[in-house]
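Please treat every number below as a calculation from the coordinates, not as lab data. These numbers come from a predicted model, not from an experiment. Glycine also receives a Cβ, built like all others from the backbone with ideal geometry; neighbour counts cover every protein chain displayed.
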Amino acid sequence: MQNRKAKIGLLALLPLLLMAPVAQRLLADQNDRAHKIGDKLKCMCGGCDQSAAKCYHVGGTYSGPCDTAKSMLKEIDAHVAQGKNDEQALQAMITEYGPLAYLEPPKSGFGLVAWLMPILYLLGGTGLVIVIMKRWRKRPAAIAGAAMAAGAGGGQASVNVTPELLARARDLARRETED
Amino acid sequence: MDVFGSFALILAFVCALYAFGGGIAAIVTRHPLLIKSARQSGMATCALIFVSTLSLVYLFFSDNYSVAYVVSHSNRDLSTFFKVAALWSGQEGSLLFWSFLLAIYVFSVLFTYRSKNGELMPYVGVILAGVQLFFLTISNFVASPFKALGVANASGAFDLVARADGNGLNPVLQYPEMVIHPPNLYSGYTGFTIPFAFALAALLARYPGEKWIHLTRKWTMIAWCFQSMGILLGAHWAYAVLGWGGYWGWDPVENASLLPWLTGTAFLHSVMMQEKRGMMKVWNVWLVFVTFMLCILGTLLTRSGVVSSVHAFAQSSIGSWFVGFLCVVAGVCLAAYFKNKDYLKSENQLDSLVSRESSFLFNNLVLLVACVAVLSGTLFPVFSEWFTGSRISVGAPFFNKVNIPLGLLLLFLTGVGPLLAWRKTSTESLLRNFKWPSILGLLAGVTAFMFGVREMFALICFVLCVFVGSTIVQEFFRGAKVVRIRSGASWLASCVDLTLRNTRRYGGYIVHLGMVMIFIGLAGQAFNKEVEKELPIGSTVKIGNYDLLLQSMDQKQEKNYVADRMIVEVLRNDKPVMMLYPERRNFPTNQESGTMVAIYSTLREDLYVVYAGMNPQTNLPTVHAFINPLVKWVWWGGMVVVMGTIVALLPSRAAVVVLAKAASTAGAPELGGMRPAQVALREGHD
């Protein structure tokens, strides 16, 4: 009789035993996600510039995981457990701690400016290089002086610097400087 | 000795004032005696700065605790080695040290060119004296390192006092790298003053633009080399000491050191355009101006507290002085440029889009975009506070996302640029130069993919590293082959001969090879692993292929600190590999502690073990271990970069001699279709 009870008990436990690795895996995934989200948040301990996933109080008396960072990770865990996606969990944390908690600027509002700036630099710079290259391609070779004399409208210095003067200046520089 | 040092410093200020004012008068009057006296005054300024700096060092060595700066940054138990480092560990001392390094450069320039470049040197002298004057003003009147220690008495006046011992040096600075990293970095910062002074002087003197480039090329390379070494040593210090597992955190102060390096690198490339083709003269002048201004901006960021940084010196009002100086420098540069810009017109046209010229343009574009992106990212928290009232942080993930693609683009250009010919590159030449490197690069990519590399940027980086590395090896191979056929020497001897014949070109290739190695190391970061665990004695923690067994703990008493050590046995696949001793050092003088990381480093990966301390809640030792693949490549790459720069600084052996020797070699084998004319052409290739 007792043997039968034990068997029933084991059978009842079986789904739980089978579930355990799955649950463990889910928990680990959840933990990984919390770390991933934590990597985008600044630890609010005030003693570092590290992320919530990596604050170890470098240089302190105990450089183990920071308590603030650990509690932030727990909070993220809770948000993830509520079924929020990464972005929602991140936003929930930002709502709680303010924009200072961003480790990288948000891609909305004024934070978007930070992301757009490098793209604008690259586009603007590429445009500039293309314009320069076009101008250089159009320019006849070895005519610097003549070009200057022709384009004399650009200020007084342009009027004064003739090809002869430029050649004289170059000659003078050559004589006056030695390697 | 403090009075002596202080007096030398004020005398240095007076001499710099004369070198500046007298120099301007000399330029106006062209009186030979004035010119000479201004130059000699400039040299005297330098000598007095040396005396003043040595006085401060002496105060540290003699444990003179009546000087506030010595009290704040030293103590009796501090080793002699670190007493030298204490000189630049605080605001006042580091500013004097800055003047000291600048004085070495200024003295070298004034002495080397004392009887040369007669018309240009007074301008150079005035500009250098102007820069020195600024730093001496700060050191004398704003942040003096010789200030006596005093306490306020009942009547409000200060009584001079002397302490029995000092507060000690910040523990994180008590590492060998800290003795060499700041001097290197500061030598880079200050070194860029020389090309700046020559560029501005040449513009003011209305020189058409070539000569200052020839005169300052070596100075620029020296400054660039120091800056590179400084940055890498700083990264190594952060890696080996701070214990967070990385070496570059995009901290504002790290960024500040990178900015002039980026523009300096752009300048070293674009300068060739001016030398070879008479192009980009305006660009080069402004690159040098901007590089110098970025050095000053870097100092401003470090010392003003504008941006928060783990490196920053104490917040002070000193920042406004630097802002003022920066404005003056920018004003002078703009005025000089607009007055004399017509002397900087380009002389040649661009013949083809596929040419060395266009590759240099794009190289400069990428470097400058990276520089501006890093700068605006660093200052973005300040901007956001101005515009929105709240600070938005810009951390490492932002900088990585922005700079990794730019870095890869730059790496690609590193491979392509040097193999494109000046003016125009033919399709045959493109095929000949890039066929094998492209095939090898793609093969490397496929192999890495097959071995499980799935990180896109890391994969692209490996492909490009093999591509660029192959182009460089191919260049050495082709050149050495010609030399070998002519001389019959071994491959190695032929490579050495080839390099010595054109040190600039082949030194440049070596620098590029070093950069490739650094990129390989950077790509390794994509595969970092870490584990953190409380570890009772006798237990193990696994990371990668390694098991770390905590055998025991002990304590080591040193003169200035007490170290708590973990004794960790490293096992790989259950076989003992080595012992590691990560430690925490507790400094009783200033009640601070620091880590000493234990690293088992191979070319494949670093096993990086940190003793994080005893967890106060569980009273168990906590270990924090990392596997950081390929990190060693960064340090070795840095050494190769320095080696390449030194080679590029050596004078080239005249190619003509070699060709003449080759022509006289009777019975030399056939050249395999390579005619001497072609050999000569390729030697003039860079």
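In percent, rounded to a whole number, the relative contact order of chain B is 10, using alpha-carbon pairs under 8 Å and six or more apart.
Remark on the range B:178-306: ratio of C-alpha radius of gyration to 2.2 N^0.38 Å is 1.13. Across the range B:1-169, Cα-Cα pairs farther apart than 30 Å form 27% of the total. Simple point charges give the picture: +1 on the Cβ of Lys and Arg, -1 on the Cβ of Asp and Glu, and for the range B:1-140 a dipole about the Cα centre of about 520 debye. At an R0 of 30 angstrom, the distance between the Cβ atoms of B:R504 and B:V328 translates into a FRET efficiency of 0.30. Percentage of Cα-Cα pair distances in chain B greater than 40 Å, rounded to whole percent? Everything past 40 Å amounts to 40 percent. Per-residue Cβ neighbour counts within 10 Å put A:E104, B:E455, B:E592, B:E558 in the sequence B:E558, B:E455, B:E592, A:E104, beginning with the fewest. Charge tally for B:Y69 (other residues, Cβ to Cβ under 12 Å; Lys, Arg +1; Asp, Glu -1): -1. Placing pseudo-labels 7 Å out from each Cα toward the beta carbon at B:V3 and B:T112 gives an inter-label distance of 4.0 nm. If you plug the beta carbon distance of B:M639 and A:N85 into 1/(1 + (r/R0)^6) with R0 = 45 Å, you get a FRET efficiency near 0.45. Remark on B:G150: its backbone amide H falls under 5 Å from those of B:V161, a criterion applied only to residues 5 or more positions apart or on other chains, H modelled at 1.01 Å from N.
Ordering B:M596, B:M229 by the number of other Cβ atoms within 10 Å of each residue's own Cβ, fewest first, gives B:M596, B:M229. What you get for the range B:527-632, charging only the Cβ of Lys and Arg (+1) and of Asp and Glu (-1), is a dipole of about 200 debye around the Cα centre.
Take each residue of peptide B:616-622, count the partner chain Cβ atoms within 10 Å of its Cβ, and average: the result is 2. Label positions at A:V131 and B:I180, each projected 7 Å from the Cα along the C-beta direction, are separated by 4.7 nm. What is the distance in Å between the Cα centroid of the range B:76-150 and that of the range B:386-465? So the two Cα centres are separated by 40 Å. Spin-label model, B:K36 to A:L100: label points 7 Å out along the Cα-to-beta-carbon direction sit 6.4 nm apart. Across the options B:S358, B:C371, B:L262, the greatest Cα extent toward the positive end of the charge dipole of chain B (unit charges at beta carbon of Lys, Arg, Asp, Glu) belongs to B:S358. Helices in chain B, meaning DSSP H runs of at least 4 residues, each add -39500 (n - 2.57). Divided by all residues, the mean residue ellipticity at 222 nm is -21000 deg cm²/dmol.
Can you put B:F362, B:F338, B:F196, B:F398 in order of Cβ neighbours within 10 angstrom, beginning with the fewest?
B:F338, B:F362, B:F398, B:F196
Expressed as a fraction of 2.2 N^0.38 Å, the C-alpha radius of gyration for the range B:1-41 is 1.40.
Rg and Dmax over the alpha-carbon atoms of the range B:527-632 stand at 14.0, 44 Å.
By the Stokes-Einstein formula, at 1.002 mPa s and 20 °C, the range B:442-493 with its Kirkwood radius over alpha-carbon pairs has D equal to 168 µm²/s.
Cross-link check: pairs B:K556/B:K632; B:K401/B:K533; B:K218/B:K559 evaluated at a Cα-Cα cut-off of 32 Å; pairs beyond the cut-off: B:K218/B:K559. Computed from the C-beta positions of B:A335 and B:S66, the FRET efficiency with R₀ = 41 Å rounds to 0.30.
Once the Cα-Cα distance is subtracted from the 0.36 nm per residue extended length, the B:N615 to B:W386 segment shows a gain of 78.3 nm. The Cβ shell under 11 Å around A:L41 holds other residues with a net charge of 0, Lys and Arg each +1, Asp and Glu each -1. Charge dipole of the range B:177-286 (Cα centre as origin; +1 on each Lys and Arg Cβ, -1 on each Asp and Glu Cβ, all else neutral): 640 debye, rounded to the nearest 20. Leaving out same-chain residues fewer than 8 places away, which lysines sit with a Cα under 16 Å from that of B:K575? Candidates past the 8-residue exclusion: B:K542. Kirkwood hydrodynamic radius computed over the range B:366-445 comes to 15.7 Å, based on all pairs of distinct alpha carbons.
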